[in-house]
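Comments concern the structure below.
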Amino acid sequence: MAVVFVLPASSFFSFWAVVVLHLFAFAIIMDCIFVIYKKFHMTNQIFLKVYQIGVIPILCLFLMLGYGYWNMKNVLKIHYSVTTHKTITQDYRIAFLSDLHFGNTMNKSELEKYCQDISLQKPDIVMLGGDIVDEHTTYQEMKEAFEVLGQIENQYGIYYVYGNHDQALYLNSPHFTPSQLKKSIEEHHISILLDSQVNIQDEMTIIGRQDRSLGEREDTQQLIKNVNHENFILMLDHQPVDLQKNNELHVDLQLSGHTHGGQMFPVGLITSVLGFGEMNYGYQAMSDMTVIVSSGIAGWGYPLRTGSHSEYVIVDIVKE
């Protein structure tokens, strides 16, 4: 009954809602075990007392919270290799970082450490896949995030697309305006791609999409119409959408984030099984295009992650 009264007082996605829902789930599981136990006429008095006290769901809750916090903070480096038949004069190393939601679980010194680690990977190009900041990020935190990210060492630039949270459009009184965000990004030598493209060494074309949550965006077919298809074509889109269409248009690689890999179990499993969204996480080789969806370097809403890990991604583009 406590769930009925507590949840309406809290946002469904708030930390306390997550705590209550998990406690409720653990209690139901314990009740199911007890029913099975009774059905087989088991009479262990220690088990019965532990069940009556109700300590096991609480213990499971604390174990979940501890694991979820550790798992959120434990950022992994994930490496992929993509081969291409395109005529490129060198192999390219891409560092891809998305869904930082800065201020939720990571402070400036922690971000500096990961950016130093990324620099040690010697990336040629750095891609920022959106939701670097969100509604809860303060103005000062927003500035700190792009100051640090702008220091990642690279050869050919840092490129950025907006996610659905970056501009804090879900708040009536956000901590910063879209113009302040844009200024902070660009003053740290990060290029914003908004249904626009950039050419690297006349052999790679990077196309950055406006996030589909931000309103009308240019049709991909029109966007790609004047692209030299002898170039390696890399699509950066916050959400993993239009995959089949981009494959048919002969995009070579799409990098996306947004899903967090299903931040809390069993969200990722449910979306994958029921087919919500086009892709939840990982690597997929289509007939013409490779898709990589990152679970993100942090997470949104609360400092817990039980359905996936935190990561930054290194992608090597290698000539066949």
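With angles folded into 0 to 90 degrees, how steeply does helix 55-73 sit against the dominant principal axis of the chain? Use alpha carbons for both and round to 10.
10 degrees
Through the Karplus equation 6.51 cos²θ - 1.76 cosθ + 1.60, θ set to phi - 60°, convert the phi angles of region 254-264 into ³J(HN,Hα) values in whole Hz; use x for Gly and Pro.
For region 254-264, the Karplus curve yields 10, 10, 9, x, 6, 7, 6, x, x, 4, 10 Hz.
Going 7 Å from the Cα of LEU76 in the Cα-to-Cβ direction, what parts of region 298-319 have a backbone nitrogen less than 11 Å from that spot?
Residues passing the 11 Å test: 308-312.
With a probe of 1.4 Å, find how much accessible area the chain has per residue, and write the answer as a whole number in Å². Working shown, then result.
Numbers: 15770 Å² over 320 residues.
Heavy-atom accessible area per residue stands at 49 Å².
Evaluate the charge dipole of region 139-267 about its Cα centre and quote only its size in Debye, nearest 20, assuming +1 on the Cβ of each Lys and Arg and -1 on the Cβ of each Asp and Glu.
Numbers: 8 positive and 19 negative charges, 70 e Å.
Taking the Cα centre of region 139-267 as origin, the dipole is about 340 debye.
Given the -39500 (n - 2.57) contribution per DSSP H run of 4+ residues, what per-residue ellipticity at 222 nm results for the chain, rounded to the nearest 500 deg cm²/dmol?
Details: 10 runs with 110 residues, N = 320.
Calculated mean residue ellipticity at 222 nm is -10500 deg cm²/dmol.
How long, wide and thick is the chain, going by the Cα atoms along their three principal axes, in whole angstroms, largest first?
75, 43, 39
Leaving ligands, DNA and RNA out of it, report the carbon-plus-sulfur percent of the accessible area of the chain at a 1.4 Å probe. Walk me through the intermediate numbers first.
Values: 9200 of 15770 Å².
Carbon and sulfur atoms account for 58 percent of the accessible area of the chain.
What is the helix-to-structure angle for 15-39, meaning the angle in degrees between its Cα long axis and the longest Cα principal axis of the chain, kept from 0 to 90 and rounded to the nearest 10?
Value to nearest ten degrees: 50.
If you stretched the chain out fully between LYS245 and LEU171, how much longer would it get, using 0.36 nm times the residue separation minus the C-alpha to C-alpha distance? Intermediate results must be reported in sequence, preceding the final value.
Numbers: separation 74, 0.36 × 74 = 26.64 nm, distance 3.30 nm.
Using 0.36 nm per residue and subtracting the Cα-Cα distance, I get 23.3 nm.
Please check: in the Gaussian network model of the chain (C-alpha springs, under 10 Å), which one of VAL133, VAL198, VAL293 has the largest mean-square fluctuation.
Looking only at VAL133, VAL198, VAL293, the largest GNM fluctuation is found for VAL198.
Based on the alpha-carbon gyration tensor of region 125-248, what equivalent-ellipsoid semi-axes (square roots of 5 times the eigenvalues) come out, in whole Å, largest first? Kindly include the intermediate steps, with their values, before the conclusion.
Numbers: eigenvalues 139, 67, 20 Å².
Over the Cα atoms of region 125-248, the semi-axes work out to 26, 18, 10 Å.
Per-residue HN-Hα couplings for region 225-240, Karplus 6.51 cos²θ - 1.76 cosθ + 1.60 at θ = phi - 60°, whole Hz, x for Gly and Pro?
Each residue of region 225-240 in turn: 4, 9, 7, 6, 6, 7, 6, 6, 9, 10, 9, 10, 9, 3, 9, x Hz.
Expected output is a single nm value to one decimal: the length gained when fully extending between GLN201 and LYS113, i.e. 0.36 nm times separation in residues minus the C-alpha distance. What is it? Write down the numbers at each step before the final one.
Details: separation 88, 0.36 × 88 = 31.68 nm, distance 2.99 nm.
Here the answer is 28.7 nm.
Between 0 and 90 degrees, rounded to the nearest ten: what's the tilt of helix 139-149 against the longest Cα principal axis of the chain?
Roughly 60 degrees between the two axes.
The values are calculated or read from the model by the stated rules, or taken from the named source; none is laboratory data. Here the structure is a predicted model, which means the values were calculated and not measured. For neighbour counting, all protein chains shown are included, and Cβ atoms are generated from backbone atoms with ideal geometry for every residue, glycine included. With ligands, DNA and RNA removed, areas are computed over all heavy atoms of the protein, side chains included. Shrake-Rupley method; radii C 1.70, N 1.55, O 1.52, S 1.80 Å.
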